[in-house]
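Beneath this line is the structure, given in structure tokens, with notes to follow.
The values are calculated or read from the model by the stated rules, or taken from the named source; none is laboratory data. Since this is a predicted model, take the numbers as computed values, not measurements. Note that we place each Cβ from the backbone using ideal geometry, even for glycine, and neighbour counts take in every protein chain shown.
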Amino acid sequence: MLALAGSVKPAWQRFLDVYEPLRPELYRYCRYLTHSPWDAEDLVQDTLARAFATLGRLFQPPPNPRAWMFRVASNLWIDRTRRRREQALSPGDAEPSVAGREPRAEREAAGTLIAQLSPQERAAVVLKDVFELTLDEVADALATSAASVKTALHRGRSKLTALDARSTLEALEPPEARGPSTRVLDAFCDAFNARDLPRLTALLLDTSVVELVGVVTEYGPEASSDPQTGSLPGFLAPITRNQNGAGIDGRHLEGYLPEPPRVEVREHRGERILLYWYAHRDGEAVRSVARAASDGDHLAHLRHYFFIPDVIAEVCGELGVPFRTNGYRYW
């Protein structure tokens with residue numbers, strides 16, 4: 001198993017060398033589809049994993065990598081949406097209406113309208129009107145014909161015109177969740193800011209999962225607290241510059257002061273999240289955000305978005321806090 005993992009990693013890194021430049025546009029596309037920065041990044045990660053696995057089964061590389069990545073993302077999202085609807089509906093039930101949701105703010109009200117389109121219509125409208133793909137490129141991205149795309153565009157645009165919302169494609173956030181208890185997150189922050197690794201480790205369940213999204217997944221407290229490879233000791237320490245192929249590229253660390261970060265709880269769209277603050281010559285700035293799920297007085301899941309600049313920029317922009325990003329990877 002160790003040998004298999006060792007052979008897969010170089011292939012994965014070469015894959016990212018080619019497809020990583022598409023990440024910003026891929027995230028933007030997924031953001032339009034999912035209406036949430038968290039769900040958008042989940043879809044991006046799933047798209048990259050599916051594309052990597054699919055590439056190994058293709059005789060020829062995709063002639064248009066951009067359209068191909070949109071196609072993988074579209075297929076994943078459409079399939080997921082259909083499964084959710086099938087699970088939510090029983091025979092005779094009416095399909096739930098997005099219009100019944102409470103919008104978070106008046107500026108987002110028009111954004112609810114695009115969510116009323118079918119998955120195929122929504123994807124077609126976004127690809128054509130936002131990303132300005134040709135009909136043939138949209139057809140390729142949606143694995144359908146140009147005629148079907150024309151039909152989906154006509155229906156989607158007609159619905160938006162009827163609802164007087166052609167001027168915006170802003171996304172509606174999903175129903176807000178409160179997230180883990182304040183008590184658990186406060187305990188995490190107290191232990192983190194005290195640099196108390198044993199206390200941090202004690203907050204994890206034996207079945208806890210800690211993710212550095214897009215980079216590594218750790219199962220159980222032993223993996224997360226390992227002094228050599230664990231993410232908890234890694235976050236307690238200052239950021240390291242790239243050396244021997246590992247660390248942050250120096251261009252992302254201009255003005256950074258090599259001091260341990262601090263963490264605090266903030267509310268973002270009704271959900272309690274974690275912000276990691278790092279010292280810089282011109283003041284503190286957030287360089288990572290994290291989401292958590294709790295089980296009683298313990299953390300069951302912790303997801304760090306340190307290497308996800310799109311999410312950091314969007315969340316910090318909405319919170320109105322200064323931020324810096326770290327690129328997409330550490331090698």
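From the residues in segment 131-140 that are part of a helix (DSSP H, G or I) and at pLDDT 85 or above, which one is surrounded by the fewest Cβ atoms within 10 Å (Cβ to Cβ)?
Only one residue tops the list, namely D136.
Mind listing whichever residues of segment 33-75 are assigned to a loop (DSSP other than H, G, I, E, B) and hydroxyl-bearing (S, T, Y)?
S36
With (1) surrounded by 13 or more Cβ atoms within 10 Å (Cβ to Cβ); (2) of a type in the set (S, T, N, Q); (3) more than 15 Å from V184 (Cβ to Cβ) as the list, and T201 as the residue in question, which single condition is left unmet?
Going through the list (1) surrounded by 13 or more Cβ atoms within 10 Å (Cβ to Cβ); (2) of a type in the set (S, T, N, Q); (3) more than 15 Å from V184 (Cβ to Cβ), T201 breaks only (3).
P198 is checked against (1) part of a helix (DSSP H, G or I); (2) under 23 Å from the mean Cα position of the chain (by Cα) and fails just one. What number does that condition carry?
(2)
May I ask you to say which residue of Y276, Y305 is of a type in the set (S, T, Y), in contact (Cβ under 8 Å) with a residue 24 or more places away in the chain and closer than 21 Å to W331 by Cα?
Exactly one residue qualifies, and that residue is Y305.
Return the pairs, sorted by first residue and then second, in which the second residue is surrounded by fewer than 17 Cβ atoms within 10 Å (Cβ to Cβ) and basic (K, R), the first residue lies in segment 251-271 and is closer than 17 Å to F306 by Cβ, the beta carbons are less than 7 Å apart, and the residues are 6+ apart or on different chains.
L253/R241; P260/R195
Does L117 qualify as being of a type outside the set (G, A, S) and at pLDDT 85 or above?
no
This table checks each residue for (1) under 18 Å from V289 (Cα atoms); (2) touching a strand residue (DSSP E or B) at 6+ places or on another chain (Cβ under 8 Å).
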| site | (1), (2) |
| --- | --- |
| N193 | yes, yes |
| R199 | no, no |
| V216 | yes, no |
| R262 | yes, yes |
| R266 | yes, yes |
| L274 | yes, yes |
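Return the pairs, sorted by first residue and then second, in which the second residue is part of a helix (DSSP H, G or I) and surrounded by 12 or more Cβ atoms within 10 Å (Cβ to Cβ), the first residue lies in segment 57-86 and is assigned by TED's automatic domain parsing to the domain that holds D39 and of a type in the set (D, E, K, R), the beta carbons are less than 8 Å apart, and the residues are 6+ apart or on different chains.
So the pair list comes out as R66/L22; R66/E25; R71/D140; R71/A141; R82/P119.
Mind listing just one residue for me: the one in segment 300-331 that is of a type in the set (K, R) and in contact with a Phe, Trp or Tyr (Cβ under 8 Å, 6 or more places away or on another chain) and, of those, surrounded by the fewest Cβ atoms within 10 Å (Cβ to Cβ)?
R329
For segment 258-281, give me the residue count where each residue is of a type in the set (A, V, I, L, M) and either within 20 Å of the chain's Cα centre (by Cα) or loosely packed, with under 13 Cβ neighbours inside 10 Å (or both).
Final tally of qualifying residues: 4.
Quick check: is even one residue across segment 218-225 hydrophobic (A, V, I, L, M, F, W, C) and either part of a helix (DSSP H, G or I) or not assigned by TED's automatic domain parsing to the domain that holds R287 (or both)?
Within segment 218-225 (the criterion being hydrophobic (A, V, I, L, M, F, W, C) and either part of a helix (DSSP H, G or I) or not assigned by TED's automatic domain parsing to the domain that holds R287 (or both)), the answer is yes, since at least one residue qualifies.
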